Amino acid sequence: MLAAVLEEQSRPLVVRELPDPEPGPGQIALTVRACGVCRTDLHLRDAEIEATKLPVVLGHQIVGVSDDGERLGVPWLGYTCGRCKFCRSGRENLCLEARFTGRDIDGGFAQRAVADRRYCFALPDGLSDEQVAPLLCGGLIGYRALTMTGDAERVGLYGFGSAAHMICQLAVHEGRRVFAFTRPGDADTQRFARSLGAEWAGSSLEAPPEPLDAAIIFAAAGPLVVQALRVLDRGGTVVCAGIHMSEIPTFSYDDLWQERSIRSVANLTRADAEAMLREAPQVPIRTTVSVYPLATAEQALADLRAGAFDGSAVVVP
Ligand SMILES: [Zn+2]
Ligand SMILES: [Zn+2]
């Protein structure tokens, strides 16, 4: 099969032939139809997070078809132990022995992939392979992050990329009010956010017209944590949804006072995935997708780094 392989961090992906992966016990073999591109793939490529296995096939939003014709989705969470205190308390996303697709297990920037059947999901009909792929990480992490805001009515989204463009639609469907924050001067993305139901869109340096009940940070810039904290109403929460962030600057306790809080969201549970995939067609969440042939996976990462497309990117073999 052909695969786009990360052989060494901070180096371009190499497209080359690999032997077809053989399913181990409990695993299923899939023909890949599409695989979403996530900022985590870029963090691994750019050595902003540690690679646990090299070479590795990146990609953890896999839409594939089993040899008996079943369409399945493979997310970031690829294995959990089922025994640790986190697994036993409904928090398998924090499992001490968790293994992740496209980092610890070869992922979906390839023509074939294998996955543990217990971590694969049936996908809603009515969404094409390319359209459904971004739900499998951006959608799921965004869903978990939105859940962490409780019943917040006014929700700020910092970094309006793949996850935010889906979660904006879900939040509006749930009757929340969305405020979208982009890089200063990015009028195109602000327009894109308004087209998806955000009632206000502006620069991350601006204050929204009223205080917010929660903010979700999808961008990897630590200073946004402090900026978001300062636009929260009393009791508001900042949810950091990325796997990596630059340093968070120091800030005054006054910014946190009045029961404001900051928390992170890590990975996903299978329960999150089932709930999200059930809700997505009811909204319905429509993804805006740029499609890249497998041979151009490195370009997809470069375009993500540059913010060159709206919504999500998907690699197709
Ligand atoms: Zn991801
Ligand atoms: Zn565990």
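The values are calculated or read from the model by the stated rules, or taken from the named source; none is laboratory data. This structure is a prediction, so every number in the text was calculated from the model and none was measured. Quick reminder, even Gly has a Cβ in these numbers, built from the backbone with ideal geometry, and neighbours come from all protein chains shown. Calculation scope for accessible area: heavy atoms of the full protein, side chains included, ligands and nucleic acids excluded. Shrake-Rupley method; radii C 1.70, N 1.55, O 1.52, S 1.80 Å.
Here are some notes:
- Accessible surface of segment 53-132, 1.4 Å probe: 46 percent of it comes from carbon and sulfur atoms.
- Amide proton proximity set for residue 107, modelled H, under 5 Å, gap of 5+: 57, 58, 102
- Counting protein heavy atoms only, segment 191-317 has 51 percent of its accessible area on carbon and sulfur, 1.4 angstrom probe.
- Selection from 195, 212, 297 lying farthest towards where the dipole of the chain points positive, charges on Cβ: 212
- With the simple model of a label 7 Å out from the Cα in the direction of the Cβ, residue 251 to residue 194 spans 2.7 nm.
- Segment 209-257: C-alpha gyration tensor shape, a/c 1.5 cut-off, then a/b vs b/c: oblate
- Accessible area in the full protein assembly, largest first, 1.4 Å probe, for 86, 100: 86, 100
- Three-way shape call for segment 45-151 based on the alpha-carbon gyration tensor, with the a/c threshold at 1.5: rounded
- Think of the chain as a dipole: +1 on every Lys or Arg Cβ, -1 on every Asp or Glu Cβ, centred on the Cα centre; then among 309, 131, 268, 268 lies furthest on the positive end.
- Accessible-area order (highest first, 1.4 angstrom probe) of the listed residues 310, 67: 67, 310
- Tensor-based shape of segment 153-249 (alpha-carbon gyration tensor, a/c under 1.5 rounded, otherwise prolate or oblate): rounded
- For the chain, the solvent-accessible area with a 1.4 angstrom probe is 42 square angstrom per residue.
- Report summary: the helix-based calculation at 222 nm, which adds -39500 (n - 2.57) for every DSSP H run with n ≥ 4 and divides by the residues of the chain, gives -6000 deg cm²/dmol.
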